[in-house]
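Following: one structure in structure tokens, then a few remarks.
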Amino acid sequence: MAGEIPESSKKENTTINITSPYFLTVADHPGQNFVGESLLRDGNYSDWQSEMTNALFAKNKFRFVDGSMPMPAEDTADLMNWKCCNAMVRGWLISSMEKEIKSSVKYAITARDMGRP
């Protein structure tokens, strides 16, 4: 019937509880800067790490970085939520780094992989 939304286009209810690690606000965006100074090659890693860790804990997203929030299996409902949050955290990390460091981590698939050698 005209004006109806096809079944294949209807979205299921995807309300996420604010305490969930998958919760993002409308104000969240990948370019947000949570640190006072971008990560440099030398000299400010400790300060950067402290500020970024604090911000990620405040956003309930640190688990994406420390690996305690692993990617769900392909056939689970949470996979897309996980991918969305992982992309957001990757964006936050990348936006807080100087160009030389960004280039060494920007192709990491997960936020966790960004911290691995």
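The values are calculated or read from the model by the stated rules, or taken from the named source; none is laboratory data. If you're wondering where the values come from, they're calculated on a predicted model, not measured in any experiment. Ideal geometry is used to build each Cβ from the backbone, glycine not excepted, and the neighbour counts take in all protein chains shown. With ligands, DNA and RNA removed, areas are computed over all heavy atoms of the protein, side chains included. Shrake-Rupley method; radii C 1.70, N 1.55, O 1.52, S 1.80 Å.
Quick notes on this one:
- Residue under evaluation N60, criteria (1) over 20 Å from Y107 (Cα atoms); (2) open to solvent by 60 Å² or more (accessible area, probe 1.4 Å); (3) modelled with pLDDT of 95 or more, criterion not met: (2)
- Residues of the stretch 25-44 that turn out to be among the aliphatic types (A, V, I, L, M) and loosely packed, with under 13 Cβ neighbours inside 10 Å, as a count: 2
- All of A55, A108 fail the test of being more than 11 Å from the chain's Cα centre (by Cα), surrounded by 13 or more Cβ atoms within 10 Å (Cβ to Cβ), small (G, A, S) and assigned to a helix (DSSP H, G or I), apart from A55.
- Flag if D47 is open to solvent by 70 Å² or more (accessible area, probe 1.4 Å), in a helix (DSSP H, G or I), within 24 Å of S104 (Cβ to Cβ) and not hydroxyl-bearing (S, T, Y): yes
- The stretch 53-82 residues that are within 19 Å of S95 (Cα to Cα), paired with ones that are open to solvent by less than 90 Å² (accessible area, probe 1.4 Å) and of a type in the set (F, W, Y) (beta carbon under 6 Å, 6 or more apart): A55/F34; L56/F62
- Counted residues, the stretch 64-100 - those being surrounded by 17 or more Cβ atoms within 10 Å (Cβ to Cβ) and either of a type in the set (A, V, I, L, M, F, W, C) or farther than 21 Å from N33 by Cβ (or both): 12
- Looking only at residues in the stretch 101-117 that are in contact (Cβ under 8 Å) with a residue 12 or more places away in the chain and basic (K, R), the one that is nearest to E37 (Cα to Cα) is K106.
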